[in-house]
Amino acid sequence: MPRRRPPPRSHSRSGTHSSKGGGRLRIIGGEFRRRLLPVLDSPGLRPTPDRVRETLFNWLTAATPGARVLDLFAGTGALGLEALSRGATEALFVERDARVAQALGDNLQTLGAGERGTVRSADALELLVAGPTGLGPFSLVFLDPPFRQGLATPCIERLEQGWLTTDAWIYVETETGLDIEVPESWSLHREVRAGDSTGRLYRRQAKPAA
């Protein structure tokens, strides 16, 4: 799924198609449907393909309206922006690259969604480790870390530390062939492959805290 093919230590989204950076992001559905947003000219940065986003949000039709969204390793913010367009109440975008984060914030303002979307320029794993105080829990999470950097598993583990509602939806994207371990409370709902990436949508069914 084309998001960002990062150099070592980059924490923005990975992808499968090469890109010189720049270009446009098109919102597919909802309030901002067909709006075109600029994508920063940054190595490997590009939005998730329309086809993959459309498939994912077809699966999430009933879950998106009213959702609190956490978009980790946000890159262009394509998934979080799509969720806001389709009725999510609010979204927190986490992007380590300050320039990319600023561009994402600018696009939120362009859409008039600045009050519902917040961009945090931070390391996603470090933020998860610090805990959700004042932030969570979230009912819809997008986790698309850079490929081949061993970030998916520790992020999944930390999400269970108070970041999720009992019935949250979690979309995890990794390189195809990578086996990931998820908590027993996560049930695989659907799976999609695009190029050398695999996206898995899970539904959390945890017992409420006592």
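The values are calculated or read from the model by the stated rules, or taken from the named source; none is laboratory data. Nothing here was measured: the structure is a model prediction, and the numbers come from that model. Neighbour counts are summed over all protein chains in view; Cβ atoms, including those assigned to glycine, are modelled from backbone coordinates with ideal geometry. Accessible surface is based on the protein model in full, side chains and every heavy atom, while ligands, DNA and RNA are left aside. Shrake-Rupley method; radii C 1.70, N 1.55, O 1.52, S 1.80 Å.
Key figures
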{"quantity": "Every pair of residues 6+ apart whose Cβ atoms lie under 6 Å, when the first sits in the range 181-200 and is among the hydroxyl-bearing types (Ser, Thr, Tyr) while the second is modelled with pLDDT of 95 or more and open to solvent by 50 Å² or more (accessible area, probe 1.4 Å)", "calculated": "Ser187/Arg203"}
{"quantity": "Residues within the range 77-91 that are open to solvent by 10 Å² or more (accessible area, probe 1.4 Å), out of contact with any helix residue (DSSP H, G or I) (no Cβ under 7 Å at 6 or more places or on another chain) and either in contact (Cβ under 8 Å) with a residue 40 or more places away in the chain or of a type in the set (Ser, Thr, Tyr) (or both), tallied", "calculated": "2"}
{"quantity": "Number of the exception - Val141 against (1) without any contact (Cβ under 8 Å) to a residue 40 or more places away in the chain; (2) open to solvent by less than 40 Å² (accessible area, probe 1.4 Å)", "calculated": "(1)"}
{"quantity": "Among residues of the range 92-119, those that are buried (at least 20 other Cβ atoms within 10 Å of the Cβ) and not in a strand (DSSP E or B), counted", "calculated": "9"}
{"quantity": "Residue check for Thr166: out of contact with any Gly (no Cβ under 7 Å at 6 or more places or on another chain) and farther than 21 Å from Ala88 by Cα", "calculated": "no"}
{"quantity": "Members of the range 51-76 that are in a loop (DSSP other than H, G, I, E, B), open to solvent by less than 10 Å² (accessible area, probe 1.4 Å) and more than 18 Å from His189 (Cβ to Cβ)", "calculated": "Phe73, Ala74, Gly75"}
{"quantity": "Residue within the range 188-202 that is touching a Ser or Thr at 6+ places or on another chain (Cβ under 6 Å) and modelled with pLDDT of 95 or more present", "calculated": "no"}
{"quantity": "Search result, residues across the range 22-37 that are of a type outside the set (D, E, K, R) and open to solvent by 90 Å² or more (accessible area, probe 1.4 Å)", "calculated": "Leu36"}
